[in-house]
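For reference, the structure discussed in these notes is given below.
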Amino acid sequence: MKAFAALIHREFIEHKGAFFLAPMVIIALMFIVLGLAYVSGRLDIEDYGIINALPLRIFEIGFLALSFGWWLYLLGGVVFYAADSFWADKRANAMLFWKSMPQSDFKILMSKLATATLLIPGLIFSAMLLSGVFVYVLVLVMASTTGSNVGFFISAAFWSYLNIAVSLLLVLAASMLWYLPFIAWVAGHAVAVGRWSIPLSILIPMVAVLIENVFFRGMGPDGGHIWNYLTHRLEFPQLEEGYGEEWFFSTQAFDASAFALDLIMRIDWLQVAIGAVFAFIVVYLASEYRRRTIDN
Amino acid sequence: MTENAIITAHGLRKSFGRKEVLHGLDFEIPAGRIYGLVGHNGAGKTTTLNAILGLTDCEGTIRVLGEDPFARRAQLMENVAFISDVASLPRFLRVRELFALISNIHPNFSQEKARDFLTGTDIRMDAKIKHLSKGMIAQLHLAVVMAIDAKLLVLDEPTLGLDISYRKRFYRRLLEDYMTEERTLLITTHQVDEIEFMLSDIMFIRDGELILHMQMETVNEKFSQLVVTDPAKAERARGLRPVFEETRFGQTVLIFDGVDRAELTQLGQVSTPNVSDLFVALMQRPTANPSAA
């Protein structure tokens, strides 16, 4: 376990620029811009009467909107990480060094998968939390300037913050489980072809879709079974008609327990299990390929 | 199999596509020896080392410390250290991060020893590896390897691209600081003259076959170099069937295998050929002595 943690730590050192430093810089810039706007009196709060009426709702929407941005950043980043990291040990002949260590190829690749699905989401979760603090401060400043009930906002927004934070953690965990086979699919190809695995990972299923449509046209749903399955698996269950949509059109504060229940109900857990087995098999095959190749 | 053999190989074959690069090597390497594996580019040195290190699968049988290296590479690396390319250290790490990482993933690595080995060098613990010169990276890699309590150390062209002073320092350090306990060392290098002083055994490989495998003492007894200035004596020397002949600055230099030195002394100046001369000589004939040392 100590070795596994050390291997994850080295992934952090190698990729901290994209998943730690860049988010921190973005958040620091957000705070700096807010501070400068406030100090220089360029925060035109008076024009936004809605703050006066619905500061909590503005906070929740702002927090969720920024977190959604981070979630997209995470999904894109993890795909690039998978494509890069599963190949990166070949860079500058470093594979020979890693092969001289008493760690199996499977363990090394699993540490990379763990980095993609645990460490990086954890770092992005921190960025989400800091973004929530940013929105909290922003709305607090606006509310205090427009004469809203600041006392109520401070306590209500605090509870809302906790509810949203817990929900975001669940979303991150669920989305990593849901997208695990896709991450492993890109990563598995990367062992052989490096960052070209991203186009290759799209090309292979597209060719399969094409073949199905050419040879078995009309025997299945529009677009074919493969196409329908892939589009179903690519769509995160919570994005449409979930608790989020219901909450948005209501006046209730965000409720983590209702969100969690809705999320758990909406996820196809059989597909999650199939995806996990698929990911495991892909990483195992990738490790066997890596075990047999020392070329750079 | 010899009782204390660290490495045993029988019928070791390896093909890349249709091309067979190892043609059934048989050898044993006993514990506590310093072996030099010498051959031309493409002769099969690195493939042989890769088979020993479990980096490639081969036909035949190979055992390192009693284990099948390809099947159990990760476990084997607890007792085997190797440098295949000094530039292979992960460049994104700082020196202290590298030491911390290895101490967590290698049970036989001593961070203390590694730091000691760096004492007196210009390498700072907070330096990024990518900012070190090639010579410094070689020193660092050697420090890492020497801080591993391994039974077998394999070095594949460890000083490639380094200048002469770094190369000499590298081997001196290796001999003085590492070979103090009973360890086995296997080295391949093109600069064979630089390691000759430390070798106990030598193996020449040509086109995937071992053409010489013997102890250095035996090499010294078996092979002789004769330098002749008189053309008539040179002609007589040719009658003794030299394995190699060339002309250097007007003198005839001949290398003999198993010819009585007393007989040669009458014809000219006799000495023991150095390894590089012997290598050049033996690379040109079918086989020298493929039997084990």
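Bear in mind that the values in this text are calculations on the coordinates, not laboratory data. Just so you know, these numbers come straight off a predicted model, no measurement behind them. Note that we place each Cβ from the backbone using ideal geometry, even for glycine, and neighbour counts take in every protein chain shown.
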Net lengthening on full extension, residue A:217/residue A:258 (0.36 nm per residue, minus Cα-Cα): 10.5 nm
Cβ-Cβ FRET estimate between residue A:152 and residue B:100, R0 fixed at 60 Å, reported to 0.05: 0.75
Most to least packed among B:202-210, A:263-271, B:164-172 [average Cβ atoms within 10 Å]: B:202-210, B:164-172, A:263-271
Length gained when the stretch residue A:170-residue A:126 is fully extended (0.36 nm per residue, less Cα-Cα span): 14.5 nm
Using θ = phi - 60° and Karplus 6.51 cos²θ - 1.76 cosθ + 1.60, couplings along the stretch A:124-131 (whole Hz; Gly, Pro as x): 5, 4, 4, 5, 4, 4, 5, 5
Counting DSSP beta bridges with both ends in the stretch B:5-207, the antiparallel % (nearest 5): 50 percent
Alpha-carbon centroid distance for the pair the stretch A:100-115 / the stretch A:223-278, whole angstrom: 31 Å
Lysine pairs meeting the criterion (Cα under 22 Å, 8 or more apart or interchain), as found in the stretch B:5-207: 8
Chain A - mean residue ellipticity at 222 nm from DSSP helices (-39,500 (n - 2.57) per run, n ≥ 4, rounded to 500): -26000 deg cm²/dmol
Estimated inter-spin distance, residue B:232 and residue A:118, nm [label 7 Å along Cα→Cβ]: 8.7 nm
For A:87-99, mean number of other protein chain Cβ atoms within 10 Å: 6
Gaussian network model of chain A, springs between alpha carbon atoms under 10 Å - residue of A:259, A:278, A:216 with greatest fluctuation: A:216
Extreme residue, positive dipole direction of the protein assembly as shown, given options A:5, A:282, A:256 (C-beta unit charges): A:5
Point-charge dipole on Cβ atoms (K/R +1, D/E -1) for the stretch B:5-207, about Cα centre, debye to 20: 640 debye
Sites residue B:175 and residue A:37 - FRET efficiency at Förster radius 51 Å, r taken between beta-carbons, to 0.05: 0.15
Space enclosed by the convex hull of the alpha-carbon atoms of the protein assembly as shown, per residue, Å³: 220 Å³
Cβ-defined net charge surrounding residue B:192, 15 Å radius [Lys, Arg +1; Asp, Glu -1]: -3
Cα coordinate range in the stretch B:183-274, projected on the principal axes (Å, largest first): 49, 25, 24
Virtual spin-label span in nm between residue B:57 and residue B:26, 7 Å along Cα→Cβ: 2.6 nm
Relative packing of A:56-63, A:133-140, B:114-121, which averages over residues the other C-beta atoms within 10 Å, highest first: A:56-63, A:133-140, B:114-121
Gaussian network model of chain A, Cα within-10 Å springs - most flexible of A:184, A:82, A:273: A:273
Gaussian network model of chain A, Cα within-10 Å springs - most flexible of A:78, A:283, A:33: A:33
Neighbour net charge for residue B:234 - beta-carbon separation under 12 angstrom, K R +1, D E -1: -1
Separation between Cα centres of the stretch B:142-182 and the stretch B:13-79, rounded to whole Å: 20 Å
